[in-house]
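A short write-up of the structure that comes next.
Please treat every number below as a calculation from the coordinates, not as lab data. All figures in this text were calculated on a predicted structure; none of them were measured in a lab. Because the Cβ atoms are built from the backbone with ideal geometry, glycine has one as well, and the counts that use them run over all protein chains shown.
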Amino acid sequence: MSCWLQDKTWEDAAKAIEASGGVAIIPVGSVEQHGYHLPLGTDSYVAITLAEDAAEQTGAVVTPPVWFGWSPHHMVRPGTITIRPEVLADLTYDIIKSVAAHGLKKIILINGHRIVNIIWMQICAERAQRELGVTVKIYDPAYMSKDIVGKLGFGPVGHAEEVESSHMLCRYPELCHLERAKDNPIKETPLFSVDPCFTHDTLCYVPSTLEHARKNAEIAGGTAGEPTKSDPEKGRIYHEHLVKNLVAVIRMLQEAG
């Protein structure tokens, strides 16, 4: 039976909630340009596929995804939809409040949109824990794969680079067009990096101005990194690592009672 809440009748939902150990997964992504070779919904697809595979092993309930994210810097290319972070925080809070009223009080927000979404997700999670008495965990693939990306030989985190592209090639090959990919190697910038694996001093991330984003878009269609190095087998290993850790987080919440 489907793990997705929207596929169930209310009676089936009640049974699934009882069997879930009170755990709900809310996949959160974005709809934004991902270079010449990946679909606009890449970030949402990443969150969706992780949620599906982990729920299948644990019985956690998965809500309909929050498809949109905060993407002002990607408005330089057609198809991008950006939602104000305060709106996203309120929307996700209301989702949490709704599922908590039905017994799903252990929430995992899967973030497919990397560091840009994390800020408003933290604000939402803190408010939900304080006001609703729920537990909220933010599961971010970039942070949750620090043990393996180096072993796989991936370059630094960018945008539509070999990490995202390898994952998508593994899970959604029919949506990928690697033959169109164009590299835009990430240059080291003094005292600044967005990569969670970066171990040196760095400023915190601020979304790019449209002017800066436009320059990247002109260089490689919006890519930052080297997607031509992508490998679906590496994507499989990366995916399985993330699912394993997500299952572990769900189990910990279920066992907490």
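Assorted remarks:
- Violating pairs (Cα-Cα greater than 32 angstrom) within the set Lys146/Lys215; Lys146/Lys187; Lys137/Lys234; Lys105/Lys187; Lys97/Lys244; Lys106/Lys229: Lys105/Lys187; Lys106/Lys229
- Cβ crowding within 10 Å averaged over residues, with 32-38, 131-137 ranked highest first: 32-38, 131-137
- Calculated [θ] (222 nm, deg cm²/dmol) that DSSP helices of n ≥ 4 give over the chain, each run adding -39,500 (n - 2.57): -13500 deg cm²/dmol
- Relative protection proxy for 169-178, 117-126, from highest mean packing down: 117-126, 169-178 (other beta-carbon atoms within 10 angstrom).
- Across the chain, C-alpha contacts under 8 Å between residues 6 or more apart give a mean separation that, scaled by the residue count, equals a relative contact order of 24 percent.
- Take every pair of alpha-carbon atoms less than 8 Å apart whose residues are at least six positions apart; their mean separation over the length of region 115-242 yields a relative contact order of 36 percent.
- Each Lys and Arg contributes +1 and each Asp and Glu -1, all at the Cβ; summed about the Cα centre of the chain, the dipole is approximately 280 debye.
- Other-chain or far-sequence residues with amide H under 5 Å of Lys137's (modelled H): Ile107, Ile108, Leu109
- Region 1-73-region 95-170 distance, computed between alpha-carbon centres (Å): 11
- Relative to the current alpha-carbon distance between His177 and Val87, full extension at 0.36 nm per residue lengthens the span by 29.1 nm.
- Here the label points at Thr189 and Ile119, each 7 Å from Cα along the C-beta direction, are separated by 1.4 nm in the simple model.
- Cα-projected label distance for Glu233 with Ala248, points at 7 Å along beta-carbon direction, nm: 2.5
- Between the beta carbons of Thr9 and Leu132, assuming R0 = 30 Å, the FRET efficiency works out to 0.70 to the nearest 0.05.
- Using the Karplus relation 6.51 cos²θ - 1.76 cosθ + 1.60 with θ = phi - 60°, the per-residue 3J(HN,Hα) values for region 16-27 come to 5, 5, 4, 7, 7, x, x, 9, 10, 10, 10, x Hz, with x marking Gly and Pro.
- Protection-proxy order for peptides 179-192, 152-165, each taking the mean of Cβ atoms within 10 Å per residue, highest first: 152-165, 179-192
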